[in-house]
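Enquirer: Dropping a structure here in structure tokens format, bear with me for questions.
The values are calculated or read from the model by the stated rules, or taken from the named source; none is laboratory data. If you're wondering where the values come from, they're calculated on a predicted model, not measured in any experiment. Neighbour counts run over all protein chains shown; Cβ positions are idealised from the backbone, glycine included. Just the protein is used for accessible areas: all its heavy atoms, side chains included, with ligands, DNA and RNA removed. Shrake-Rupley method; radii C 1.70, N 1.55, O 1.52, S 1.80 Å.
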Amino acid sequence: DAEITQSPRHKITETGRQVTLACHQTWNHNNMFWYRQDLGHGLRLIHYSYGVQDTNKGEVSDGYSVSRSNTEDLPLTLESAASSQTSVYFCASSESLAGKETQYFGPGTRLLVL
Amino acid sequence: EDQVTQSPEALRLQEGESSSLNCSYTVSGLRGLFWYRQDPGKGPEFLFTLYSAGEEKEKERLKATLTKKESFLHITAPKPEDSATYLCAVQAVGEGKSTFGDGTTLTVKP
């Protein structure tokens, strides 16, 4: 069955370190998204991609970067982790076709920055 | 800028006590409005997509409706297993990304 996976599921790091969160989907979806979820803030979009070599900034992109070298993967990098980036991170993917816009979410990565 | 506001933030119901969750939105042109369910420690799970005012969709005890300004998620005779956070999101025409509301946390007591 097609799925979307994230790794690691839990991560503890120190301020200033570079951290990369992995997202892999086997749906063959063109669109991929990274969100963070904090208590009381719902899901906030960090970065998104509509296809290979395409990346776009979301509403909370400062301190984060992504790259899309293939259809299946969209890794999220925290260039220099800050305590404010402690959060739960969700990856999602969707098709581009009309009527197929539903986003399918991964299980999340819980990140703690000390 | 697209905006989504959900109310109430939290809702406590007794088993069998029907109610509604609200999602108010502003978007330049609506491509779709989505409802998701999220259980603690898990990613959101898709429930419904609504495309135009007047549209309704149902699944078990849940029914979603859409107007030009808001959507309602009606829960009929809820059970404890319906307890979760319900998220609403909108997509604008020409966009593949969604804007989410902060969610409504529903607790159903037996």
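Enquirer: Would you list A:His41, B:His74 from the most to the least accessible area, probe 1.4 Å?
Expert: Heavy-atom accessible area, descending, gives A:His41, B:His74.
Enquirer: In segment B:3-108, which GluC sites (Glu not before Pro) are in a loop and have at most 11 other Cβ atoms within 10 Å, using DSSP for the loop call? Don't jump to the answer; show the numbers that get you there.
Expert: Values: sites: B:Glu9, B:Glu15, B:Glu17, B:Glu45, B:Glu55, B:Glu56, B:Glu58, B:Glu60, B:Glu70, B:Glu81, B:Glu95; in loops: B:Glu9, B:Glu15, B:Glu17, B:Glu55, B:Glu60, B:Glu95.
Those that pass, being in a loop and sparsely packed, are B:Glu9, B:Glu60.
Enquirer: To the nearest 10 square angstrom, what accessible area does A:Thr20 show with a 1.4 Å probe?
Expert: For A:Thr20, the solvent-accessible surface is approximately 70 Å².
Enquirer: Moving on. With the Cα gyration tensor of segment B:29-80 giving a ≥ b ≥ c as the square roots of its eigenvalues, does the rule (a/c under 1.5 for rounded; else a/b larger than b/c for prolate; else oblate) give rounded, prolate or oblate?
Expert: Verdict is oblate for segment B:29-80.
Enquirer: Which is the longest stretch in chain B that no exposed loop site breaks, taking sites as trypsin sites (Lys or Arg not before Pro) with a DSSP loop state and at most 13 other Cβ atoms within 10 Å?
Expert: It runs B:1-67.
Enquirer: Oh, and also: Cα centroids of segment B:79-110 and segment A:43-67: how far apart, whole angstrom?
Expert: If we compute the Cα centre of each part, the gap is 22 Å.
Enquirer: Between B:Thr85, B:Thr49, B:Thr76, which gets the highest mean-square fluctuation from a Gaussian network model of chain B, Cα cutoff 10 Å?
Expert: Its mean-square fluctuation being the largest, the pick is B:Thr76.
Enquirer: Each label point is 7 Å from the Cα along the Cα-to-Cβ direction; what then is the distance between the points at B:Thr67 and A:Ser69, in nm?
Expert: It is 5.2 nm.
Enquirer: Give me the percent relative contact order of segment B:24-110, please, defined on Cα pairs under 8 angstrom at least 6 residues apart. Present the calculation step by step, with values, prior to reporting the outcome.
Expert: Details: 176 pairs, mean separation 26.7, N = 87.
Across segment B:24-110, relative contact order equals 31 percent.
Enquirer: What share of Cα pairs, in percent, lie more than 20 angstrom apart in chain A?
Expert: For chain A, the fraction of Cα-Cα distances above 20 Å is 35 percent.
Enquirer: Next question, about the same structure. What accessible surface, in Å², does a 1.4 Å probe find on A:Asp38, ignoring ligands, DNA and RNA and rounding to the nearest 10?
Expert: That residue has around 30 Å² of solvent-accessible surface.
Enquirer: Let me ask something additional. Provide the buried accessible surface between chains A and B in square angstrom, both chains summed, 1.4 Å probe, rounded to the nearest 100. Before the final figure, lay out each step's value.
Expert: Working: alone 6270 and 6130 Å², together 10830 Å².
Buried surface at the A/B interface: approximately 1600 Å².
Enquirer: For the full complex of protein chains and a 1.4 angstrom probe, list B:Asp39, B:Asp102 by accessible area with the highest value first.
Expert: B:Asp102, B:Asp39
Enquirer: Under Stokes-Einstein, with the Kirkwood radius over Cα pairs standing in for Rh, what whole-number D in µm²/s applies to the protein assembly as shown at 20 °C and 1.002 mPa s?
Expert: On the way: Rh = 18.0 Å.
D, rounded to a whole number, is 119 µm²/s.
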